[in-house]
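These notes concern the structure reproduced below.
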Amino acid sequence: MSDARQLVDKLWNFCHLLRDDGVSTIDYTEQLTYLLFLKMAHERETRPLNPEKIVPKDCSWQRLLDSDGDQLEVTYRHILETLAKESGTLGVIFRKAQNKIQDPAKLKKLITDFIDKENWSAAGVDIKGDAYEGLLAKGAEDVKSGAGQYFTPRALIAAIVDVIQPTAKDTVHDPACGTGGFLLEAYEYAASAKNLSPSDREHLRDNFVSGIELVDSTARLAAMNMLLHGMGTPNGPSAIEVRDGLTADSGKRYSVVLANPPFGTKSS
C-alpha cells in the first residue's frame, strides 16, 4: 500500500467516529483543511533553515496543542475567526470557517493523534497531494454530502487535458473550478515536460493556474489542493477567487480555459 493510501485511510477512519456527532464528510474534510494548514505553517515557522512566519502568534498550532476541553473550542474558534479576516491564500482557506467538531475530546484526538504526528512539510508533494486528493474523492463518493458535483472524475479530466496539451508557457483558467481538478491535472501535465527552465518552474508555481469558485467551502478545498501540490505559497496570493465566474473578469486573458461540463480550449 502506498504512503498516500495509508495516510488517506488513517485520516478517513477517524471520520467514522465523527459521523455519530453529525459531522458530514464535507465538514470533516474542511476541518482537516484548517488543521493541515496550521500544522504545515507551524512546521515552516520552526524549521532550522529559512524559517517562515505564516500565521499570527495567537493563531499558532502550538496553541491548539496546549489547549484542552472547552478552552480548546474557544482557542480553535478564535483562530478560525482571526484567519478568516486575512487576505490571499489564508483568507480563501479560512473564509467563513467554523468549527464543526463539537466534542473537544475528539477534536483534541484529531489534532494530537492524527495531524501532529505527521511531518507534512517533509512528506513529498506526491504523498501529501495525493492523500488530499484521495480524501476529496472519498468525499465525492458520499452521495449525502452532495460533494460529487464539485469533483469531476479524474480519468475524464486527464483525457481532456491530454487533448489540450498545456505547456509551462501557458496560463490556465477554470471559471468554475470546484475542487481544482482541471487546474491540478494541467499543472502536472505541464510540469512533467523535460528541460524546464527556472523561470518555467517559477511560472508554474506562481502564475500558471487560476480559478473561480462561487461556494466558499469548495473554494477552500481547491486552494488547499493547489497548495499541497506545489502551486502558490501559504502566505502569498491565492490562485482561487471566490465569486461568480459568470461576471466580468476585468479584461483578463488566458491561453487555456478548462471547465466542467467537459470543455477545453487553447488559444493559438
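Results, tabulated for the structure shown:
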{"quantity": "Selected residue (only one of Ser210, Ser217 is in contact with a His (Cβ under 6 Å, 6 or more places away or on another chain), surrounded by fewer than 24 Cβ atoms within 10 Å (Cβ to Cβ) and not aromatic (Phe, Trp, Tyr))", "calculated": "Ser210"}
{"quantity": "Some residue of region 195-207 being touching a strand residue (DSSP E or B) at 6+ places or on another chain (Cβ under 9 Å) and modelled with pLDDT of 90 or more", "calculated": "no"}
{"quantity": "Enumeration of residues in region 182-196 that are without any contact (Cβ under 8 Å) to a residue 40 or more places away in the chain, in contact with a helix residue (DSSP H, G or I) (Cβ under 9 Å, 6 or more places away or on another chain) and either surrounded by fewer than 22 Cβ atoms within 10 Å (Cβ to Cβ) or farther than 19 Å from Gln165 by Cβ (or both)", "calculated": "Tyr189, Ala191, Ala193, Leu196"}
{"quantity": "Odd one out for Gln102 among (1) over 19 Å from Gly22 (Cα atoms); (2) in contact (Cβ under 8 Å) with a residue 12 or more places away in the chain", "calculated": "(1)"}
{"quantity": "Pair list, Cβ < 6 Å and 6+ apart or interchain, from region 160-173 residues that are under 18 Å from Pro198 (Cβ atoms) to residues that are in a helix (DSSP H, G or I) and open to solvent by less than 40 Å² (accessible area, probe 1.4 Å)", "calculated": "Thr167/Ala190; Ala168/Ala190; Ala168/Asp200; Ala168/Leu204"}
{"quantity": "Residue among Thr112, Thr167 that alone is out of contact with any His (no Cβ under 6 Å at 6 or more places or on another chain), open to solvent by 50 Å² or more (accessible area, probe 1.4 Å) and modelled with pLDDT of 90 or more", "calculated": "Thr167"}
{"quantity": "Looking only at region 247-268, and only at residues there that are in a loop (DSSP other than H, G, I, E, B) and surrounded by 12 or more Cβ atoms within 10 Å (Cβ to Cβ), the one that is modelled with the lowest pLDDT", "calculated": "Pro262"}
{"quantity": "Filter result (more than 18 Å from Asp116 (Cβ to Cβ) and either hydrophobic (A, V, I, L, M, F, W, C) or touching a residue at least 12 places away in the same chain (Cβ under 8 Å) (or both)) within region 54-75", "calculated": "Pro56, Asp58, Asp70, Val74"}
{"quantity": "Test set (1) closer than 20 Å to Ser217 by Cα; (2) free of Cβ contacts under 8 Å to residues at least 60 places away in the same chain; (3) more than 16 Å from the chain's Cα centre (by Cα); (4) open to solvent by less than 70 Å² (accessible area, probe 1.4 Å) - Leu38 fails condition number", "calculated": "(3)"}
{"quantity": "Sole residue being farther than 23 Å from Met226 by Cα, of a type outside the set (Phe, Trp, Tyr), outside any helix (DSSP H, G or I) and open to solvent by 30 Å² or more (accessible area, probe 1.4 Å), chosen from Gln102, Gln98", "calculated": "Gln102"}
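The values are calculated or read from the model by the stated rules, or taken from the named source; none is laboratory data. None of the values given here were measured: they were computed from a predicted structure. For neighbour counting, all protein chains shown are included, and Cβ atoms are generated from backbone atoms with ideal geometry for every residue, glycine included. Note: accessible area is taken over every heavy atom of the protein model, side chains too, but ligands, DNA and RNA are not part of it. Shrake-Rupley method; radii C 1.70, N 1.55, O 1.52, S 1.80 Å.
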